[in-house]
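Read through the structure below, which is laid out as structure tokens, and then see the notes.
The values are calculated or read from the model by the stated rules, or taken from the named source; none is laboratory data. Everything numeric in this text was worked out from a predicted model, so none of it was measured. Virtual Cβ from ideal backbone geometry, glycine too; neighbours counted across all protein chains shown. For accessibility, only protein heavy atoms count, side chains too; no ligands or nucleic acids. Shrake-Rupley method; radii C 1.70, N 1.55, O 1.52, S 1.80 Å.
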Amino acid sequence: MQRWPSLKQLQYLIALDEHKNFNRAAKACHVSQSTLSTGIQTLEDMMNLQLVERDHKSFIMTPIGLEVVERARNLLSDARDLMELGQQQGGAMQGTVRLGCIPTIAPFLLSQLVQSCAQTYPELELLLREDTTTNLLKQLEQGQLDLLILALPIEIGGFHCKAVGQDPFHMVMPSTMAAGLHMPFDYKELPSQSIFLLEREHCLTEHAVSACRLRDKSKINPFAATSLHTLVQMVGAGLGTTFLPQMAIEAGILDNTDLVAIPLPGEQAYREIGLVWRPSTTRVQTFYKIAELLTPLINPKPAG
């Protein structure tokens, strides 16, 4: 009878490729370094291939080893989807969902989502991870995450997506600066290099510039912030203005500052918030239920 690689052996190889270190890979797999090393060696013997080139102090993955890693990721992803079938037998809103979210949404939305989910579906556990859009999409593809909350539009390839709400943009500036503008104001009134934005790895920058129809790039300051809180600090110091999403403002990011949010010129500008998942998943019903929890959190009904 032909011997087959075990999923655990494939997991060891993937961990080694990700962590670039035997000790760190072993810790990530919750095994000893010798167990991980032996598992990979057994995999090599079974396949009659050299997957890892070793010397006394370091290693590199061979070209065939890298190909095996990519195929192994797909196998593990399919195995996880297979195990989800068992969870579905007990009900769509049971088990665990590994949820990724971008930094310009996570601090202002996830705590509310976790509370809402715990109250509505107490048998469903959300495991959270915050990262950039690029990294989250890669982790979703590799089966490390089940579901993403992202800002749209973005290129998602073959993944499936469901929009759950709109998050309007506002212009934020010191109250003294706002007092000197005509309302509705025009971007031409703003000084050169007075608009502060996030680093390019944050999709909010591209979304804000596009949605807010800012065509004069001379208004953008070359300094790029790492977070929305850094933007608030820069603008709070009187250095200029910025775009902020409504969910951050409603969460209190401007509290205890002299900053005000004013409407943007022209039509309302916004980013769309959406859920993204693999087409092979069996948990679409679960994700749609999570979408139902998210929509009122992003677009709450007016009081009264």
Problem set entry | About the Cα centre, charge dipole magnitude for the chain (Lys/Arg +1, Asp/Glu -1 at Cβ), debye | 260
Exercise. Over the range 181-304, what percent of the accessible surface lies on carbon and sulfur atoms, probe 1.4 Å?
Worked result: 51
Exercise. Got a number for carbon plus sulfur as a percent of the range 32-145's accessible area, 1.4 Å probe?
Worked result: 51
Problem set entry | Cα-only Debye scattering, the range 166-278: base-10 log of I(q)/I(0) at q = 0.17, 0.19, 0.20 Å⁻¹ | -0.78, -0.99, -1.11
For this session: Just flag the trypsin sites (Lys or Arg not before Pro) in the range 203-246 sitting in loop per DSSP whose Cβ has no more than 16 other Cβ atoms within 10 Å.
Result: ARG213, ARG215
Problem set entry | the chain, helix-only ellipticity at 222 nm - DSSP H runs n ≥ 4, -39,500 (n - 2.57), divided by all residues, nearest 500 | -13000 deg cm²/dmol
Exercise. For the range 19-82, which trypsin sites (Lys or Arg not before Pro) are both in a DSSP coil and crowded by at most 10 other Cβ atoms within 10 Å?
Worked result: LYS57
Exercise. Rounded to the nearest 0.05, what FRET efficiency is calculated for SER280 and SER192 with R0 set to 51 Å and r the Cβ-Cβ distance?
Worked result: 0.55
For this session: Give the residues of the range 281-301 whose amide nitrogen is closer than 20 Å to a point set 7 Å from the Cα of HIS160 in the direction of its Cβ.
Result: 281-295
Problem set entry | Highest to lowest packing among 96-102, 264-270, scored as the average C-beta count within 10 Å | 96-102, 264-270
Seminar exercise, completed: Of 135-148, 244-257, ordering from highest average Cβ density within 10 Å down gives 135-148, 244-257
For this session: Determine the order of HIS56, HIS160, HIS19 by accessible area, beginning with the largest, at a probe radius of 1.4 Å.
Result: HIS56, HIS160, HIS19
Exercise. When the Karplus curve 6.51 cos²θ - 1.76 cosθ + 1.60 is applied with θ = phi - 60°, which whole-Hz ³J(HN,Hα) does each residue of the range 127-134 get, with x for Gly and Pro?
Worked result: 9, 9, 9, 10, 6, 6, 4, 4
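What shape does the range 15-63 have by the C-alpha gyration tensor, where a ≥ b ≥ c are the square roots of the eigenvalues, rounded means a/c under 1.5, and otherwise prolate means a/b greater than b/c and oblate the rest?
Because a/c hits 1.5 or more and a/b fails to exceed b/c, the range 15-63 counts as oblate.
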For this session: Between LYS8 and LEU75, with labels modelled 7 Å along Cα→Cβ, what's the label distance in nm to one decimal, could you check?
Result: 1.5
For this session: Kindly give the semi-axes, whole Å and largest first, of the ellipsoid equivalent to the chain, taking each as the square root of 5 times a Cα gyration tensor eigenvalue.
Result: 44, 24, 15
Exercise. How large is the accessible surface per residue of the chain, computed with a 1.4 Å probe and reported in Å² as a whole number?
Worked result: 52
Exercise. Using the Karplus equation 6.51 cos²θ - 1.76 cosθ + 1.60 (θ = phi - 60°), what ³J(HN,Hα) coupling, rounded to whole Hz, does each residue of the range 32-48 give in order, writing x for Gly and Pro?
Worked result: 6, 5, 5, 5, 5, 5, 5, x, 5, 4, 5, 4, 4, 5, 5, 8, 6
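First obtain the Kirkwood hydrodynamic radius of the range 204-257 from its Cα pairs, then insert it into the Stokes-Einstein equation at 25 °C and 0.890 mPa s, and state the resulting D in µm² per second as a whole number.
Values: Rh = 12.1 Å.
Translational diffusion coefficient: 203 µm²/s.
Could you calculate the contour length gain from LYS138 to GLN233, that is, 0.36 nm times the residue separation minus the distance between their Cα atoms, to one decimal place in nm? Walk me through the numbers before you get to the answer.
Numbers: separation 95, 0.36 × 95 = 34.20 nm, distance 3.16 nm.
31.0 nm is the gain from fully extending LYS138 to GLN233.
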Exercise. Label points 7 Å out from Cα along the Cβ direction at HIS19 and PHE223: separation in nm?
Worked result: 4.0
Exercise. Within the set LYS20/LYS57; LYS138/LYS217; LYS27/LYS57; LYS8/LYS57; LYS188/LYS217, which residue pairs have Cα atoms separated by over 20 Å?
Worked result: LYS138/LYS217; LYS8/LYS57
Exercise. Whole-Hz Karplus ³J(HN,Hα) for the range 68-75, in order, using 6.51 cos²θ - 1.76 cosθ + 1.60 and θ = phi - 60°, x for Gly and Pro?
Worked result: 5, 4, 5, 5, 5, 4, 5, 5
